[in-house]
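Engineer: Right, I'll just put the structure down here and ask away after.
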Amino acid sequence: MKQFRRTASPGPDAPARLRVGVVGAGRVGAVLGAALAAAGHQVVAAAGLSAASQDRAQRLLPGVPLLPTDEVVAASDLVVLAVPDDALPGLVAGLAETGVWRRGQLAFHTSGAHGLAVLAPAQAAGVLGLALHPAMTFSGGPEDLDRLAGTPFGVTSLPEHRPVAETVVLEMGGEPFWVAETDRVLYHAALVTGANHLVTLVAEAADLLRTAGVDQPARVLGPLLGAALHNGLRRGDAGLTGPVSRGDVGTVAGHVAALTQRAPAAVAGYVAMARRTTERAQAAGRLKPHEAQPLTDLLDGVEVPS
Ligand SMILES: NC(=O)c1ccc[n+]([C@@H]2O[C@H](COP(=O)([O-])OP(=O)(O)OC[C@H]3O[C@@H](n4cnc5c(N)ncnc54)[C@H](OP(=O)(O)O)[C@@H]3O)[C@@H](O)[C@H]2O)c1
């Protein structure tokens, strides 16, 4: 296969130096492009129109020309598709209509929610398509490149393409694990639940502390949330502490009353999480049914402020 043809330089098992094109130079694309360059490949072009993408390209892909998307694809052996999830199907299909995909090219996208199906128009033209999702958060800052080291990548590929996928991920510093095409959306929902909703929970907790007169919420939350994260990762539901785990209905009722009065926008989220915490605590044997029921009754009776 062309992209794994050996070269004379780095060693017998090193893949060939590929011409890499990055579409687009966003938070993820620019970082992965830089990682592939660091692995010895040549980033020949990138796409991105906004000032933010141009700035990122300048910082992370210095000297790489910004070209229209179809020209980036035409110039590349390996195409990195790092565009918003909803733009991906139209982009891949649109490029196929222009006839720019060609047999022997390698292309991967970085979407968590999409699998291989979205790449079908390119695969029909002979492209080897992969879904390589870094299970990491990228903000476009300089720390993103360091974060790639050891980042798990959720990979969906045809079985015969696994060695290719594995090589590309390892070259970017990541560690592949396999996700079935049919599990892809659920896989992504799991990560959003854990990572994105966590950020919302932390920001909400910090705001509530400020409302309660605490002027440096991060100092209070840091050690506590660090310990809670550690417990949750290590022990799952067994790591739960707090009033729900003890069946302290009065305390939860007090929280709902205080939130209704002082932070009404936070009531719905608190009630939803308390209900799910109750369900999980009961399923894990942390609460007996007779302890869980009063909590459920309380939460079902809460009138969420509109
Ligand atoms: N950010 C993360 O933490 C993260 C983590 C893992 C995976 N991902 C996945 O990586 C992908 C990219 O996310 P991101 O956060 O890097 O997005 P982003 O920062 O918003 O960058 C998106 C890039 O795609 C370009 N673009 C937008 N629409 C396009 C279109 N129709 N055709 C061609 N290029 C287009 C943008 O160009 P302009 O600047 O010109 O608009 C920009 O360069 C998504 O699938 C996302 O789910 C993101």
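The values are calculated or read from the model by the stated rules, or taken from the named source; none is laboratory data. If you're wondering where the values come from, they're calculated on a predicted model, not measured in any experiment. Quick reminder, even Gly has a Cβ in these numbers, built from the backbone with ideal geometry, and neighbours come from all protein chains shown. Heavy atoms of the whole protein, side chains included, go into the accessibility calculation; ligands, DNA and RNA do not. Shrake-Rupley method; radii C 1.70, N 1.55, O 1.52, S 1.80 Å.
Engineer: For His197, what accessible surface area do you get with a 1.4 Å probe? Give it in Å², rounded to 10.
Structural biologist: Solvent-accessible area, nearest 10 Å²: 90 Å².
Engineer: Quick one: which residues, 5+ away or cross-chain, put their amide H under 5 Å from the amide H of Leu287? H built at 1.01 Å from N.
Structural biologist: For Leu287, the qualifying residues are Gln282.
Engineer: Nothing charged except the Cβ atoms of Lys and Arg (+1) and of Asp and Glu (-1): what's the magnitude of the dipole of the stretch 19-179 about its Cα centre? Round to the nearest 20 debye.
Structural biologist: Values: 8 positive and 14 negative charges, 32 e Å.
About 160 debye.
Engineer: In addition: What are the ³J(HN,Hα) couplings of the stretch 161-175, residue after residue, when phi is run through the Karplus curve with 6.51, -1.76, 1.60 and θ = phi - 60°? Round to Hz, x for glycine and proline.
Structural biologist: 9, 4, x, 5, 4, 4, 5, 5, 5, 4, 4, 7, x, x, 10
Engineer: Moving to a separate point now. Please list, in chain and number order, the residues 5+ apart from Phe153 or on another chain whose amide H is under 5 Å from its amide H, with Hs placed from the backbone.
Structural biologist: Ala135, Glu175, Phe177
Engineer: Percent of accessible area on the stretch 19-179 owned by carbon and sulfur, 1.4 Å probe?
Structural biologist: Of all accessible area on the stretch 19-179, carbon and sulfur atoms account for 56 percent.
Engineer: With charges only on Cβ, +1 for K and R and -1 for D and E, what is the dipole size of the chain about its Cα centre, in debye, rounded to 20?
Structural biologist: Rounded to the nearest 20 debye, it is 540 debye.
Engineer: Now for a separate question. Relative to the first principal axis of the alpha-carbon coordinates of the chain, what is the inclination of helix 51-60, with its axis defined by its Cα atoms, in degrees from 0 to 90 and to the nearest 10?
Structural biologist: 70
Engineer: Search the structure for amide H atoms under 5 Å from the amide H of Val43, placed 1.01 Å from N in the peptide plane, and list their residues when 5 or more places away or on another chain.
Structural biologist: Under 5 Å from the amide H of Val43 lie the amide H atoms of Val20, each far enough along the sequence or on another chain.
Engineer: Same structure again: How many Å² of accessible area per residue for the stretch 185-224, probe 1.4 Å?
Structural biologist: It amounts to 71 Å² per residue over the stretch 185-224.
Engineer: If you plug each phi of the stretch 63-78 into the Karplus form 6.51 cos²θ - 1.76 cosθ + 1.60 with θ = phi - 60°, what whole-Hz ³J(HN,Hα) values come out, in order, with x for Gly and Pro?
Structural biologist: Karplus-based 3J(HN,Hα) across the stretch 63-78 equals x, 7, x, 8, 10, x, 3, 5, 6, 4, 5, 4, 7, 10, 8, 10 Hz.
Engineer: Something else about it: Quick one: 3J(HN,Hα) in Hz for the stretch 229-244, Karplus 6.51/-1.76/1.60 with θ = phi - 60°, rounded, Gly and Pro as x.
Structural biologist: So the J values, rounded to whole Hz, are 4, 4, 4, x, 5, 7, 10, x, 4, 5, x, 6, 10, x, x, 5.
Engineer: I've got another one for you. Tell me, what is the Rg over Rh of the stretch 19-179, with Rh the Kirkwood radius over Cα pairs?
Structural biologist: Looking at the stretch 19-179, the ratio lands at 0.92.
Engineer: Measure nothing fancy, just the Cα-based angle from helix 267-283's long axis to the longest principal axis of the chain, in degrees from 0 to 90, nearest 10.
Structural biologist: Taking Cα atoms only, the helix is inclined about 90 degrees.
Engineer: Which order do you get for Trp178, Trp101 if you rank them by accessible area with a 1.4 Å probe, largest at the top? Before the final figure, lay out the partial values.
Structural biologist: Working: Trp178 90, Trp101 15 Å².
Correct descending sequence by accessible area is Trp178, Trp101.
Engineer: Counting each pair of different Cα atoms once, what's the Kirkwood radius of the chain in Å, rounded to one decimal?
Structural biologist: It is 22.1 Å.
Engineer: Sticking with this structure for a sec: On a 0 to 90° scale, report how tilted helix 249-262 is relative to the longest principal axis of the chain, with both axes built from alpha carbons and the result rounded to the nearest 10.
Structural biologist: Rounded to the nearest ten degrees, it is 70.
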